[in-house]
Structures are given as C-alpha cells and as structure tokens.
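Let me begin by presenting the structure, written as structure tokens, before commenting on it.
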Amino acid sequence: MTTNDPQRLAAPPEALDDDPPIRTVMSSRLVGIVPTAPLTTALRLMIAGGVRHLPVVEDGQYGTLVSEVDLLQGIAAQHGPLGLAHLSVGDVARPAPTITEDARLSEAARRMRTANRDAVLVVRDEQLLGILTATDLIRAWAARAAPEHPPQG
C-alpha cells in the first residue's frame with residue numbers, strides 16, 4: 001500500500017544506515033547570487049567559491065538555482081544568431097526543488113530526478129540551510145559502499 005504520509009520513511013528501518021539524513025551530507029557553506037547579476041559575475045563567483053550551483057536570492061527569498069550548465073547555455077545564447085543579448089542570472093536560473101534536512105538521501109535523489117536538476121536546496125521553516133548536489137550523493141554512497149578493509153597488495 002502506498003501512502004503520501006510525510007512521516008513515512010524513504011527507506012525501510014533496516015536500511016536507514018545506508019540512507020542517512022541529508023543533514024549528514026549537505027553543504028551548509030552557501031554561495032548565493034542576486035537575479036540581476038550578469039552571467040559572467042556568476043561564473044566568476046562559482047570559480048572563486050569552488051562551487052557549481054548558486055542559489056538565487058532576492059530580498060531574503062530563494063526558490064531558484066543557477067548551475068554551471070545554466071550559465072554556459074546562457075552565455076552561448078547571448079552570442080546567438082540574432083546578435084548580442086544581455087542576460088542576467090534571473091533569466092537562466094530555474095526552479096529548485098527543496099527538501100528538509102531530516103529527509104533521507106534517497107528522497108533527495110528522487111526529487112532531483114523528478115525536477116531534472118542535479119541539486120536540491122535544504123530548508124527548515126522556510127530558512128535556507130544548505131545545498132545537496134548529485135556529487136554529494138555519489139560521494140556519500142561511494143563512501144558507504146567502500147570496503148572497510150581495502151585489499152593489501
């Protein structure tokens with residue numbers, strides 16, 4: 001029986017060690033940007049901050065995210081066949097799925113897949129706490145799958 005109960009676990013109780021809460025993996029070091037910023041500013045900010053995603057924040061509100069791919073597509077579009085267009089971060093940012101810090105990694109993966117995004121914004125009571133990316137998921141699952149005692153040789 002399937003239920004939409006928000007208290008329902010994303011994994012059976014015996015698998016919870018393999019499906020930890022997002023708070024154990026998410027990055028709480030956020031680098032954000034305003035929607036009016038030029039695309040090149042966002043790209044420079046990503047490089048300086050060592051990040052591939054920027055939450056777009058305006059007046060303390062969030063809801064969209066810009067990724068490297070979004071920026072590169074926007075930069076390419078600026079130099080399109082119709083001439084030079086002037087795009088800002090808000091023009092290329094896309095809606096970002098959100099999730100709570102207590103949700104499980106498997107639920108984050110489902111939300112990313114459903115939204116066709118490679119990151120989710122982590123929130124609590126409408127406060128932005130962090131970000132979880134597909135790379136974070138892969139690292140977390142790879143670390144759990146690694147043998148405790150690697151072969152000697």
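Just so it is clear, none of the values below were taken in a lab; they were calculated from the coordinates. Keep in mind the model is a prediction, meaning the values are calculated, not measured. Glycine also receives a Cβ, built like all others from the backbone with ideal geometry; neighbour counts cover every protein chain displayed.
Brief remarks on what is shown
- Region 24-153: C-alpha gyration tensor shape, a/c 1.5 cut-off, then a/b vs b/c: prolate
- Taking a ≥ b ≥ c as the square roots of the Cα gyration tensor eigenvalues, region 21-101 comes out prolate, since a/c reaches at least 1.5 and a/b is larger than b/c.
- The modelled label-to-label distance between residue 123 and residue 40, using points 7 Å beyond Cα along the C-beta direction, is 3.4 nm.
- Taking amide hydrogens as placed 1.01 Å from N in the peptide plane, the amide H of residue 101 sits under 5 Å from those of 123, each at least 5 positions away in sequence or on another chain.
- Anisotropy class of region 81-127 from Cα gyration tensor, a/c 1.5 cut: oblate
- Here the calculated FRET efficiency for residue 143 and residue 28, from their Cβ-Cβ distance with R0 = 22 Å, stands at 0.75, rounded to the nearest 0.05.
- With a Förster radius of 35 Å applied to the C-beta separation of residue 59 and residue 18, the computed FRET efficiency comes to 0.30.
- The modelled label-to-label distance for the pair residue 113/residue 87, using points 7 Å beyond Cα in the direction of Cβ, is 2.9 nm.
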